[in-house]
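The values are calculated or read from the model by the stated rules, or taken from the named source; none is laboratory data. Owing to the predicted nature of the structure, the values given are computational and were not obtained by experimental measurement. Cβ placement follows ideal geometry from the backbone for every residue including glycine, while neighbour counts extend to all protein chains displayed.
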Amino acid sequence: MSKEVWSGPILDNHFHLNPNGRNIEAAKDFAKVGGTDLVLVHCPNFSNLPKTKKEYQLSYESTIEQAQKVRDEVNLGMRVILGPHPAAFAHQCIEWKESEGEAGVQKAMELYRQSIDLAIDFIEEGMAHGLGEIGRPHWEVDEDILQYCNGLLEETLHIAAKKNITVQLHVEGDEKAPYSQIGKMADRAGLSKKNMVRHFAPANVSDELTGGMVPSVILQKGCIETLVASMSECSRGFLLETDYMDDLRRPGAVMGPKTVPKRTQTLFSMGVDEEILYRTHFDLPNELYGPPL
Ligand SMILES: [Zn+2]
């Protein structure tokens, strides 16, 4: 008897490609094991961060071009997420504050706002599907930097609410605090938590923890059991991701591009309902981002 396999859609909700990494080969690996859709998230070049609006525009354009290349050459459904990475803002703010004081802080905030406006232009032109990854640093920063990040994030959530745009959040590792604290910000901003995706989310997807935000579960070792145990308490659904970094200097330091397809097969073989898998890989992404390009 042949083993049953899942032959439906398979989407990785948080994937990076690096022009100097494996690039198209990584996308091919994903497709080879059944992957059908990628959510390509903009990642700045951390060794040479964009310092002007123009540089942001160029780096967003390069992400959009990369998505197009994968679409053309590998035939995957592609969605693009653009925005100022919180680590980029934090690094820049710290650096410019040291060199220019308060004026440097203002300059970093202004660049952040410009990069949000630019991302929204691309989304409104139909070339991108959401804002992200935005949020706050995952490491400990000085209180003033954290305050700036929180202030800018709340501002951005207001804009996302007005424009009805989905956001992908990058936050610190704590299981509960980001859901509850950023959930409160969203309430103040009038943004529905249904339009908020927590990237790198812990495996517990129960509404009680998430408060209705959409968890994009990072498929780390041992997460499957927790995910399966909590999925019946997740009313809106969840997504799966690898946060694939495509960094040749750190092979094996991150999850490979085949992980979401493989874990999806694991879930299927464990008896997870087809309906749940369709929701994760097809219906929920459509609701959040619209159809792929
Ligand atoms: Zn990322």
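Any idea which of (1) over 23 Å from L288 (Cβ atoms); (2) over 21 Å from the mean Cα position of the chain (by Cα); (3) modelled with pLDDT of 95 or more is the one C149 doesn't satisfy?
Among (1) over 23 Å from L288 (Cβ atoms); (2) over 21 Å from the mean Cα position of the chain (by Cα); (3) modelled with pLDDT of 95 or more, C149 violates only (2).
Can you tell me which of E155, E172, E100, E140 is in contact with a helix residue (DSSP H, G or I) (Cβ under 8 Å, 6 or more places away or on another chain) and modelled with pLDDT under 95?
Being in contact with a helix residue (DSSP H, G or I) (Cβ under 8 Å, 6 or more places away or on another chain) and modelled with pLDDT under 95 holds for just one of E155, E172, E100, E140, which is E172.
So that you can scan it fast, the table gives a plain yes or no per residue for (1) surrounded by 23 or more Cβ atoms within 10 Å (Cβ to Cβ); (2) at pLDDT 95 or above:
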site	(1), (2)
N48	no, no
E55	no, yes
I64	no, yes
I81	yes, yes
A87	no, no
R113	no, yes
A119	yes, yes
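Do the conditions hold for I218, that is, is it closer than 17 Å to S115 by Cα, surrounded by fewer than 24 Cβ atoms within 10 Å (Cβ to Cβ), in contact with an Asp or Glu (Cβ under 9 Å, 6 or more places away or on another chain) and at pLDDT 95 or above?
So I218 does not fit the description; no.
Yes or no: Y148 in a helix (DSSP H, G or I), more than 16 Å from the ligand (Cβ to nearest atom), without any contact (Cβ under 8 Å) to a residue 60 or more places away in the chain and farther than 24 Å from F238 by Cβ?
Yes: the conditions hold for Y148.
Only residues in region 75-88 that are over 20 Å from T166 (Cα atoms) count as the first member; pair them with residues that are assigned to a helix (DSSP H, G or I), Cβ under 7 angstrom, at least 6 apart or cross-chain, and list the lot.
Every condition considered, the pairs that remain are L76/A27; L76/A31; L76/V70.
Just the residues that are farther than 15 Å from P292 by Cβ and more than 16 Å from the ligand (Cβ to nearest atom), please, taken from region 27-49.
Across region 27-49, the qualifying residues are K28, D29, K32, V33, G34, S47, N48.
Restricting attention to region 11-26, which residues are away from the ligand (no atom under 12 Å from the Cβ) and part of a strand (DSSP E or B)?
Of everything in region 11-26, just one residue is away from the ligand (no atom under 12 Å from the Cβ) and part of a strand (DSSP E or B), namely L11.
For a quick check of your reading of the model, give me the residue pairs whose first member lies in region 207-222 and is touching a residue at least 12 places away in the same chain (Cβ under 8 Å), whose second is hydroxyl-bearing (S, T, Y), with beta-carbon atoms closer than 6 Å and at least 6 apart or on different chains.
D207/S235; T210/Y179; G211/Y179; M213/Y179; L219/T259
Restricting to region 36-50, give me the number of residues that are under 16 Å from L240 (Cα atoms), in a loop (DSSP other than H, G, I, E, B) and in contact with a Ser or Thr (Cβ under 9 Å, 6 or more places away or on another chain).
Going through region 36-50 one residue at a time, the tally reaches 0.
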